[in-house]
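Nothing in this text is a laboratory measurement; each read-out follows from the coordinates by a stated rule. This one's a predicted model, so the numbers in the text were calculated from it and none came from an experiment. Using ideal geometry, Cβ is built from the backbone for each residue, glycine included, and neighbour counts are taken over all protein chains shown.
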Amino acid sequence: MSPPIADRTERPRAEGEGAAPPALVAFRGITKIYGTGMAEVRALDGVDLTIGAGEFVAIMGPSGSGKSTCLNMIGCLDTSTSGSYRFAGVEVGTLSRNQRALLRRHYLGFVFQGYNLLKRTSALENVEMPLVYRRVPGRERRRRAHEALAAVGLQGREHHTPAELSGGQQQRVAVARAIVTAPALLLADEPTGNLDSTTSREIMDLLTELNVERGITIAMVTHEEEMATYARRIVRFLDGRIVVDRERPADRVPGGGGGLAV
Ligand SMILES: Nc1ncnc2c1ncn2[C@@H]1O[C@H](COP(=O)(O)OP(=O)(O)OP(=O)(O)O)[C@@H](O)[C@H]1O
Ligand SMILES: [Mg+2]
């Protein structure tokens, strides 16, 4: 329906690439100030951040350091006080509210700590929801929702409501809902925050597979060092600034194999 921003079937920085496409995310001097006067909070303070297609970035840092603000900014859920944000070369600050909503709908997927599923609604209908907004016809919606649920290992659970699913399964539904539109960029804010460690690892294996197998770029906020080891790059915030930005060695192979129907 929408043209991909970059060739997402390839890893970033693949050999033999010609002129590099614009980075998916390019922040230059992004500042976000909440409140005024004595109540002023500089949630982001002159942040430069570039995320290329295909990356898997973990965003870390203490509570209040600006992680969620950064993710919300990347996700066009909030606007900056100053600075430039280009998404795939497009200056987000020049877009109208509606255009930003379209950008979100077509290029971004979101996963949150609390799953944010519709309670009385089946897994299948939850996953179909973003396609309803994109006016995809019913049959095609259901086909794609089934496929997304299969991709996260939830075949046979399509008609369960959230209350009939475990926390890990609910988060899988949320991931399926985020990927059903084939987003260029998946944004996850503490996706394992409510899960036990075994289930957390399963969700991280799933995200890793989506990154490696489908080339979905991922930016994930986490408090947990172990979860950050699944990412290829770690960005650490302190007081609204990036204090560490480093690549991790590619020592981890995606978990187990065979779990994801691609
Ligand atoms: N809507 C808002 N209005 C006023 N201040 C805000 C708002 N949102 C965030 N802040 C402030 O901005 C700073 C950064 O908040 P942010 O939510 O980005 O932190 P965080 O790193 O995600 O923290 P946590 O790990 O606790 O989720 C904090 O000091 C917070 O109080
Ligand atoms: Mg937060």
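Annotations
- Theoretical ellipticity at 222 nm over the chain - DSSP helices of four or more residues, -39500 (n - 2.57) apiece, nearest 500: -9000 deg cm²/dmol
- Each Lys and Arg adds +1 at its Cβ and each Asp and Glu adds -1 at its Cβ; summed about the Cα centre, the stretch 25-247 shows a dipole of about 960 debye.
- With contacts taken as Cα pairs under 8 Å and at least 6 residues apart, the stretch 25-247 reaches a relative contact order of 30 percent.
- Projected label distance in nm at residue 118 and residue 102, using a 7 Å step from Cα toward the beta-carbon: 2.5 nm
- Counted residue by residue at 0.36 nm each, then reduced by the alpha carbon distance between them, the extension gain from residue 159 to residue 243 reaches 25.7 nm.
- Residue among 110, 56, 27 with the largest mean-square fluctuation in a Gaussian network model of the chain, springs linking Cα atoms under 10 Å: 27
- Principal-axis tilt of helix 138-151 within the chain, Cα atoms, nearest 10 degrees: 80 degrees
- The stretch between residue 20 and residue 63 holds 11.9 nm of extra length on full extension. This uses 0.36 nm per residue minus the Cα-Cα distance.
- Net charge of neighbours whose Cβ lies under 15 Å from the Cβ of residue 81, counting Lys and Arg as +1 and Asp and Glu as -1: +1
- Residue with peak Gaussian network fluctuation, the chain [Cα springs, cutoff 10 Å], from 245, 45, 196: 196
- For the chain, built as a Gaussian network whose Cα springs stay under 10 Å, the top-fluctuating residue of 80, 96, 200: 96
- Against the chain, whose longest principal axis comes from its Cα atoms, helix 197-214 is set at around 80 degrees.
- More than 21 Å apart - percent of Cα-Cα pairs taken over the stretch 25-247: 55 percent
- Helix 97-107 and the long axis of the chain differ in direction by around 50°, with both axes built from C-alpha atoms.
- For the peptides 214-221, 82-89, 170-177, residues were scored by their other Cβ atoms within 10 Å and the scores averaged per peptide; the highest-first order is 170-177, 214-221, 82-89.
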